[in-house]
1. Which of the aspartates and glutamates could a cross-linker bridge to A:Lys75, judged by Cα under 12 Å and excluding same-chain residues fewer than eight apart?
2. Rg (Å, one decimal) plus Dmax (Å, integer) for the alpha carbons of the stretch B:5-84?
3. Share of antiparallel DSSP beta bridges in chain A, in percent to the nearest 5?
4. To the nearest 0.05, how large is the calculated FRET efficiency for B:Met110 and A:Glu204 if R₀ is 60 Å and r is the Cβ-Cβ distance?
5. Using modelled backbone amide H atoms (1.01 Å from N, in-plane), which distant-in-sequence or interchain residues come within less than 5 Å of B:Ser82's amide H?
6. I'd like the residues of the stretch B:1-30 whose 1.4 Å-probe accessible area shrinks by no less than 50 Å² going from the isolated chain to the full set of protein chains.
7. If you fit an axis through the alpha-carbon atoms of helix A:211-286 and take the longest principal axis of the Cα set of chain A, what angle between them do you get, 0 to 90°, nearest 10?
8. Per-residue Cβ counts within 10 Å, from other chains only, averaged over B:57-70: what number is that?
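The values are calculated or read from the model by the stated rules, or taken from the named source; none is laboratory data. The model shown is predicted, which means the values in this text are computed figures rather than measured ones. Virtual Cβ from ideal backbone geometry, glycine too; neighbours counted across all protein chains shown. Each accessible area value is taken on the protein alone, full model and side chains, heavy atoms only, with ligands, DNA and RNA left out. Shrake-Rupley method; radii C 1.70, N 1.55, O 1.52, S 1.80 Å.
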Amino acid sequence: MPSLIDFRRRIRSVKNTQQITKAMKMVAAAKLRRAQQQAVQSRPYAHLLGDMLASVAAAGAEDCDHPLLAQRTEKKILLVFLAGEKGLCGAFNGQLFREGQAFLKAHAGKDISFEFVGRKGRDFFRRRKVKEAGEWTNVLVSVKFQTARDLAKKLADGFSAGEYDAVYTIYSEFRSALSQTPIAKRLLPLKPHNEDEQPGMREEFIFAQPAETMLARLLPRYLEIALYQAMLESAASEHASRMTAMDAATRNAGEMVDRLTLTLNRKRQAAITTEIIEVVSGAAAAS
Amino acid sequence: MANKLHLEVASPEGSLVSEEVDDVQAPASDGYIGILPGHAPLLTELGAGVLTFTQAGVPRHIALVDGFLEAQPHRVRVLASSASWVDAAEVERARIALQRASDILGEHVMEEDVEDAEAAVAAAKAKLDAWEKSRG
């Protein structure tokens, strides 16, 4: 039977934990805001780039055979797996792992290697003995465009050299602070055509460089920004997920403290009552 | 509005400018080009350098590294891998970066390092140029 002291200790310990989860929630919220802001700021660039690609494509560079557009039978696949850097973020990492395993199942029999972004994905799949192409850890804590650039260069080089026939990515799409869904997307070969583009709206451009050259320069940029945005979304999802998880943990700790306090008070009351009865009955016996 | 250009400058880190301007000079890959309102539609690649635009007679400067420019009669859009306003602190950093990159180029190093160092030199020079220009 736990004594009153034990109860007090327990309550104190739960309160300490609650303070930690509360602090983690605040930190996650601040980081989420930053990641979201970064994502918003990258949007004009991505939008303009899409526009320019469409202009160039419309100007007759459509049927050029740039290495990044080359369609091949998918035998060797590279999977860029973006997961969290840390745990304690609810179902975030677990959902991504499940998506990853589903991908492996769906592409069974093909030669799949993994490029890990974020520590957790690496830890999980390393234990499952998959082929590793490389890892980028500690890059999602604060997402830098340079990282996306380096990664894009590596992917583009590998793809152009025929090391891979396709490059996919799995990352967590940021819908809102409350909803994030893991998705698998193909990165390479690129398909730069916007479906919602209306033909005839485009003006005839003078090209300072041939359209093919422009396309060759624009496509890698497109890959870079796609990766950058995926990284930002993934980071934002991680923070959002952690925020929600820590919020729930803080609430649970609060409930637990209330429950424990109630039991503690009851026990204390019972002890006092027993004592009074003892005194009274002692007095009654004496008289 | 007839004699104005709407200039937009965006980099992955954010949009720098979205304003009405009188003219734009941009560092195209084969030399500076000037754009006035009514320019024919043009698409070009940009190198590292200084983008200058004038608002009510006052020139302003942005350091650019690698980008693209799309001009239309009343609109100029610039995409840059990196673009920044240059202030005194930035200039100090650029000087240090230039020094470091030049040191690397001075030694015999691997090919990929040379590429990086050359890019760093170009970026730092663009910033220094922009600073010089903005001080007249």
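1. Excluding near neighbours in sequence, the set is A:Asp111, A:Glu163, A:Asp165.
2. Rg and Dmax of the stretch B:5-84, Cα atoms, are 11.0, 30 Å.
3. 35 percent
4. After rounding, the FRET efficiency stands at 0.85.
5. B:Val65
6. B:Pro12, B:Glu13
7. So the helix axis and the longest Cα principal axis differ by about 0 degrees.
8. 2
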